[in-house]
Amino acid sequence: MRVTILGSSGQIGAYLTQYLRDKGHQVTEFDVVNHHSQDMTCIPNVNLHDALQNAQFVFFLAFDVGGSHYLKKYQHTFKFIDNNTRLMANAFQYLDRYKTPFVFASSQMSSMSYSPYGVMKRVGELYTKSLNGLICKFWNVYGIENDLEKAHVITDFIKKGFETGNIDMMTDGTEEREFLYAEDCCEALETLMLQYDQFNSDNELHITSGISTSILEIGRIITELFAANGKEVTLSPAQAKDEVQKDARNIPDPFIRNYWNPKTSITKGIENIYRGMKQYYE
């Protein structure tokens, strides 16, 4: 199948590109990291038009965002809101024109009106519903990342372990998250593409492991991995409580489990990321 991935160099996009190629799909990458001509915030964008016109399926993963450190200081800025408004308006106009089947990558935070990130993802969901696309809500997908300045928590902790020997945390670590290994996420996305007619835009497609793990436990797993490889790394929790605690609005719908189930445990997934990053630092 001819597939276009918007945001192909991001955390999920990079994994998905390789995964689909390994499965024999013809993948077109589209990401500003590849070339400035692929900047989706530029309206109009002829290259974006061409990439979507020729696609049989589109994964809309592109979003100007990063991990907690990056998001906390950036999501309240004009640039964050403007960039994401532009890239969504740009892509959705072509998806509307060519009626291409697509999946929009949302987040479990789209129901949280106090979060600019959540609000922007909710806007993307409304666009998607109007075009009868599919909405999938990612829950803390983790994997090796290309842009470590925007690293999410697991990659960020491992990076700190290698670079400083100390994992300084933003919170006390008692908050829990449902983490999902990137390769399991890719399998879920391919399932949505291949069985597209089995779903509709009203389905709650929560792409998650269904297993909660505290940030402190994540840190413990990582420090034990370093210790097993001969390096002492300390874990330094902060005093602050997490600002985005799990609540009744933020419970995953299990519908997609009728078609897909994750396979990778949190310990095994972190081991895979650690080994991949270790090669970079050696």
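The values are calculated or read from the model by the stated rules, or taken from the named source; none is laboratory data. All figures in this text were calculated on a predicted structure; none of them were measured in a lab. Cβ coordinates were reconstructed from backbone atoms using ideal geometry, including for glycine residues, and neighbour counts include every protein chain displayed.
Scanning segment 44-82 for residues that are in a helix (DSSP H, G or I), charged (D, E, K, R) and at pLDDT below 90 turns up K72, K73. If only residues of segment 2-31 that are modelled with pLDDT under 95 and in a loop (DSSP other than H, G, I, E, B) are counted, the one that is surrounded by the most Cβ atoms within 10 Å (Cβ to Cβ) is G10. Here L87 fulfils each of the conditions (1) buried (at least 23 other Cβ atoms within 10 Å of the Cβ); (2) of a type outside the set (D, E, K, R); (3) closer than 20 Å to H206 by Cβ apart from (3).
So, of the residues in segment 34-48 that are buried (at least 16 other Cβ atoms within 10 Å of the Cβ) and in contact (Cβ under 8 Å) with a residue 40 or more places away in the chain, which turns out to be nearest to N146 (Cα to Cα)?
The first filter runs over segment 34-48 and keeps only residues buried (at least 16 other Cβ atoms within 10 Å of the Cβ), leaving 38-42, 45, 48.
Now narrow it down to the ones that are in contact (Cβ under 8 Å) with a residue 40 or more places away in the chain: 40-42, 45, 48.
Values: M40: 19, T41: 21, C42: 23, N45: 25, L48: 22 Å.
Here the answer is M40.
Within segment 104-117, can one find any residue that is at pLDDT 95 or above and of a type in the set (A, V, I, L, M)? Looking for residues that are at pLDDT 95 or above and of a type in the set (A, V, I, L, M), one finds at least one in segment 104-117, hence yes. Note on segment 124-133: residues that are surrounded by fewer than 17 Cβ atoms within 10 Å (Cβ to Cβ) and assigned to a helix (DSSP H, G or I) amount to 3. Note on segment 123-150: residues that are within 21 Å of T208 (Cβ to Cβ) and acidic (D, E) amount to 2.
Does E175 fit the bill of being modelled with pLDDT under 95, over 25 Å from N90 (Cβ atoms) and surrounded by fewer than 21 Cβ atoms within 10 Å (Cβ to Cβ)?
Spelling it out, E175 is indeed modelled with pLDDT under 95, over 25 Å from N90 (Cβ atoms) and surrounded by fewer than 21 Cβ atoms within 10 Å (Cβ to Cβ).
Taking each residue of segment 78-93 that is over 21 Å from Q53 (Cα atoms) and looking for partners that are of a type in the set (S, T, Y) and surrounded by fewer than 19 Cβ atoms within 10 Å (Cβ to Cβ) with beta-carbon atoms closer than 7 Å, six or more apart or interchain, yields F80/Y74; N83/T41.
Picking from I273, I215, I222, I211, which residue would you name as being touching a strand residue (DSSP E or B) at 6+ places or on another chain (Cβ under 8 Å) and over 22 Å from Y15 (Cβ atoms)?
After applying the criteria, what remains is I215.
Residues of segment 264-282 that are loosely packed, with under 12 Cβ neighbours inside 10 Å and in contact with a helix residue (DSSP H, G or I) (Cβ under 7 Å, 6 or more places away or on another chain): Y281 alone.
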